[in-house]
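Report on the structure given below.
Each value in this text was obtained by applying a stated rule to the coordinates, not by laboratory testing. Keep in mind that this is a model prediction, so the values were computed, not measured. Here the Cβ positions follow ideal geometry from the backbone for every residue, glycine too, while neighbour counts run over all protein chains shown.
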Amino acid sequence: MNNWRVDVDGDGIALVTFDMAGKKVNTLSSEVIAEFTAIVERINSDDAIKGAVLASAKPGMFCAGGDLTDIKSFAGPGEPGKEAETVAADIERMSRDMAVFRRLETSGKPVACAIEGTALGGGAELAMACHYRVAADSEQVLLGLPEGGLGLLPGGGGTQRLPRLIGIQESLPILLQGVTKTAAEALKIGWVNEVAPVGQAIERARKWVRETGDPVQPWDKPKFKVPGGGPYVQANSEALAMHAAMSRQKFYGNYPAQLHILTALYEGIQVPFDAGLRIEMREFIRTVRTPQALAMIRTSFLSPREIKSGANRPAGVPVKTFKKATVLGAGLMGAGIACVQAQVGIETVLIDRTQEAAERGKAYTATYLGKQIKRGRMTQEKADQILGRIVATTDYSHVRGSDIVVEAVFEDREVKADVTRLAEAELAPDAIMATNTSTLPITGLAEASVRPANFIGLHFFSPVERMDLVEIIRGEATSNDTLAAAYDYIATIRKTPISVKDSRGFYTSRTITCYLEEPCEMLVEGIAPAIIENIGLMTGMPVGPLTLPDAIGLELPYHVLEQTKRDLGEAYKPTASDTVLKFLVEQHGRHGRRNGKGFYDYSEDGKEKTIWPGLAGLAQPTLTDAFDEDVKDELKKRILYRMSLEAARCMEEGIITDPREADVGAALGFGFPKWTGGPISLIEQIGIPKFVAECDALADRHGERFRPGPMLRSMAAEGRTFY
Ligand code: NAD
């Protein structure tokens with residue numbers, strides 16, 4: 001077997017160890033399940049085996065859940081016209097696979113499980129199919145069923161076994177909101193039966209099998225009652241109603257999985273266990289067949305993995321290693337970049353104009369590490385090592401020996417040119433010179449460089465230690481080797497790269513700008529600000545469209561607009577955001593949350609906010625309530641489609657070339673709604689011909705900004721897709 005080991009001891013207890021070959025984590029792939037099925041058959045039929053203990057050989061990890069590559073193979077709507085047929089076939093296949101959990105718990109032999117690390121999704125479901133669960137008293141133990149928040153449904157018995165173990169009320173937040181439990185918490189609610197000192201979980205599980213070993217699950221015993229009663233017990237029915245409402249409040253109905261999970265739980269708990277499992281399978285298939293599930297599996301899991309493993313890195317260029325790196329500018333971005341470099345073991349030089357500023361940048365890492373220690377995620381010794389890798393200085397001789405320099409000084413061409421010259425004087429010929437500019441063209445900045453082939457843009461996001469994305473921007477002279485090296489550097493600091501062409505706003509800034517512009521269009525049409533803000537949230541964007549620019553600061557988009565106007569001259573076409581930003585920044589001195597006034601008025605401590613009544617001065621009110629579903633629907637589409645259209649234009653113009661990068665970039669860069677799978681996946685979810693027709697209708701009603709370009713039209717006509 002490739003993924004399991006079975007060792008039977010003198011007492012006839014089989015230790016079944018999960019250890020996927022060549023993988024860091026265990027997942028329930030179809031091969032894993034096929035092998036496990038053979039093991040369960042052996043437990044069932046071999047008289048020498050009296051019972052079994054399940055464990056994992058991976059440190060800190062029991063099992064991470066189902067294999068999403070497998071699930072993707074049948075996710076999304078089936079073939080047109082054959083949906084019902086394929087659904088039935090999928091139900092049968094999945095039920096056959098999952099029946100192994102049922103055979104395990106009805107083998108007549110006691111099975112215990114030793115959980116010494118994370119047991120998520122299918123991993124937690126496998127543990128629940130054992131008669132007894134021992135968790136190690138370790139911080140690494142975490143139990144959870146996160147599927148609900150990812151647009152999926154636990155289809156391995158999770159919606160049925162969990163409420164039968166711990167009751168309906170405790171199950172709801174775990175199933176719907178993805179709440180996870182530590183070993184101690186799991187013990188308290190009865191999800192595990194015992195907590196053992198680290199290193200003793202397997203022994204304790206074995207002891208239970210040998211000495212107590214009850215081979216019948218509670219739900220297979222006569223007169224079984226769900227702990228806390230069924231859905232009609234008042235507290236449970238209240239909890240069900242409350243969680244349905246909470247799910248609506250959190251997800252705005254964008255995740256079909258939420259309702260399907262509630263259905264599986266509510267219906268399944270009222271019937272015998274095996275019937276409950278069939279209901280769960282029906283709801284599971286219903287969920288994976290939604291276009292949302294396909295899009296989410298792809299953009300949340302598979303595409304980032306493919307991109308990170310170098311799907312778009314130029315092939316054939318030897319991998320470059322990064323041992324030493326210099327960061328120029330120890331401000332917000334530079335300090336963050338130094339922090340992530342030092343954490344992965346890169347010797348980091350952090351340069352600023354004064355020693356004090358450089359030290360301040362280094363202190364950022366000290367503060368960050370201090371927080372990690374406080375949370376128990378890092379030892380003092382490890383933190384000291386990391387901090388020891390950062391040299392804060394004003395002296396450019398320290399640059400010598402760096403494999404890369406990342407420039408993050410003020411957004412000013414002259415300042416950037418100066419520091420580039422100073423750093424390059426110390427650099428080896430093959431080292432990389434990168435700039436973290438957010439708006440200046442890379443080709444122009446490369447003019448200050450003596451070896452423009454090694455010059456490249458690396459656009460980080462703030463806060464660097466939390467934001468996973470880096471945009472790579474290639475200038476006209478950037479070489480293939482430099483591009484490959486940029487991918488290697490990003491892999492070293494464990495971020496996700498997308499590669500974009502050198503152009504105004506690159507990719508993410510250009511797309512997110514629509515989230516400012518379309519709401520401004522709505523404001524000048526006289527739509528009430530509260531409606532606009534709520535509609536933005538209803539699309540699934542993480543922050544409302546009026547709150548976001550306030551948080552960033554209104555001067556920034558204002559200056560970007562002014563700069564664009566100067567750069568484009570006659571060609572510049574003013575938009576509603578010019579009107580709104582001028583009104584706020586120029587006429588009313590409203591600069592956003594920092595000065596306590598922007599689209600909102602803020603209380604002194606910044607915690608309370610109310611929409612600024614003065615916004616009424618922008619237009620005569622035309623829409624003051626939005627109870628009508630069609631009205632809401634159109635407003636939501638205006639916001640989402642604007643961004644999707646812009647992403648498609650970026651693909652059309654070759655700013656970005658891989659739809660996976662366009663989707664992952666928008667998701668990681670600015671939180672494009674998860675349920676869509678990204679702006680390009682959204683177009684595919686709707687279907688390109690329908691999307692084009694809907695955009696044409698929006699263009700007729702609201703303006704040419706919604707008119708789809710020739711690429712989308714020809715794709716629609718020829719039946720082509722992005723993926
Ligand atoms: P910041 O003002 O916080 O930091 C800039 C730092 O550069 C300051 O510490 C300053 O003292 C230092 N500096 C200025 N001139 C210098 C010189 N001649 N030599 C050495 N150091 C010098 O700015 P920031 O927000 O960190 O932005 C830095 C760069 O990153 C800018 O190009 C910006 O456009 C870009 N960027 C910013 C963000 C963001 O969210 N803030 C995101 C992506 C990219």
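Computed from backbone phi, the HN-Hα couplings of the range 283-295 come to 5, 4, 5, 4, 6, 5, 6, 6, x, 4, 4, 4, 5 Hz, rounded to whole numbers (Karplus: 6.51 cos²θ - 1.76 cosθ + 1.60, θ = phi - 60°; Gly and Pro given as x). Shown in residue order for the range 605-622 are the 3J(HN,Hα) couplings computed by the Karplus curve 6.51 cos²θ - 1.76 cosθ + 1.60 at θ = phi - 60°: 7, x, 7, 9, 8, 9, 4, 5, x, x, 4, 4, x, 6, 6, 5, x, 10 Hz (x for Gly and Pro). Classified by the C-alpha gyration tensor, the range 417-503 has a prolate form. Its axis ratio a/c, with a ≥ b ≥ c, is 1.5 or above, and a/b is larger than b/c.
Computed on the Cα atoms alone, the convex hull of the chain gives a volume of 186 cubic angstrom per residue.
The range 608-664 gives an Rg/Rh value of 1.18, both radii derived from C-alpha positions and Rh following Kirkwood. Cross-link reach is defined here as a Cα-Cα straight distance under 28 Å, omitting same-chain residues fewer than 8 places apart; for residue 690 the lysines meeting it are 72, 82, 632, 636, 637, 674. Put simply, the Cα atoms of the range 162-234 extend 41, 31, 14 Å along their principal axes, the longest span coming first. Annotation: amide H-H contacts under 5 Å for residue 52 (H modelled 1.01 Å from N, sequence separation of 5 or more, or interchain): 14, 111, 112. Magnitude of the charge dipole for the chain, about its Cα centre and with charges confined to Cβ atoms of Lys, Arg (+1) and Asp, Glu (-1), is about 1060 debye.
Working from the Cα coordinates of the range 617-723, the gyration tensor eigenvalues give, after taking √(5λ), semi-axes of 25, 17, 13 Å in decreasing order. Separation of the range 1-39 and the range 258-273 by C-alpha centroid, Å? So the separation of the two Cα centres works out to 31 Å. Note on the range 379-446: Cα-only Rg and Dmax are 14.3, 45 Å. In sequence order, the range 340-356 has phi-based couplings of 6, 5, 4, 5, 8, x, 7, 5, 10, 9, 10, 10, 9, 5, 10, 4, 4 Hz under the Karplus curve 6.51 cos²θ - 1.76 cosθ + 1.60, θ = phi - 60°, and Gly or Pro positions carry x. Counting only DSSP beta bridges whose two residues both lie in the chain, roughly 25 percent are antiparallel. Look at the dipole of the range 371-427 built from charges on Cβ: of 423, 406, 380, the Cα furthest out on the positive end belongs to 380. I'd like to know which of 505, 339, 462 lies farthest towards the positive end of the charge dipole of the chain, counting +1 on Cβ of Lys and Arg and -1 on Cβ of Asp and Glu. Value: 339. Straight-distance candidates among the lysines for linking to residue 565, with alpha-carbon spacing under 27 Å and chain neighbours fewer than 8 residues away dropped: 416, 501, 573, 582, 597.
With coordinates expressed along the principal axes, the C-alpha atoms belonging to the range 517-556 extend over 24, 23, 14 Å, beginning with the largest. Between the listed residues 52, 245, 275, the Cα displaced farthest toward the positive end of the dipole of the chain, a dipole computed from Cβ unit charges relative to the Cα centre, is found at 52. Amide H to amide H distances under 5 Å link residue 66 with 28, 122, 123, where only residues 5 or more positions off or on other chains count and H is placed in the peptide plane. For the range 320-369 versus the range 570-625, the inter-centroid distance based on Cα atoms is 36 Å. The alpha-carbon of residue 495 sits under 16 angstrom from the alpha-carbons of these aspartates and glutamates, leaving out residues fewer than 8 places away in its chain: 306, 465, 468, 471, 661, 663. Residues whose amide H lies under 5 Å from that of residue 407, counting only those 5 or more places away or on a different chain, are 328, 434, 435, 436; hydrogens are built 1.01 Å from N in the peptide plane. Calculated [222 nm] ellipticity per residue, helices only, for the chain: -14500 deg cm²/dmol; basis is -39500 (n - 2.57) per DSSP H run with n ≥ 4, divided by all residues, nearest 500. How far, in degrees from 0 to 90, does helix 555-568 lean away from the longest principal axis of the Cα atoms of the chain, to the nearest 10? Approximately 50 degrees, to the nearest ten. Restricted to Cα atoms, the range 303-462 shows a radius of gyration and a Dmax of 16.0, 47 angstrom. Taking packing as the residue-averaged number of other Cβ atoms within 10 angstrom, the listed peptides 304-312, 196-204 run from highest to lowest as 196-204, 304-312. Quick one: Cα centre-to-centre distance for the range 488-559 and the range 389-424, in angstrom? Cα centroid to Cα centroid, the span is 30 Å.
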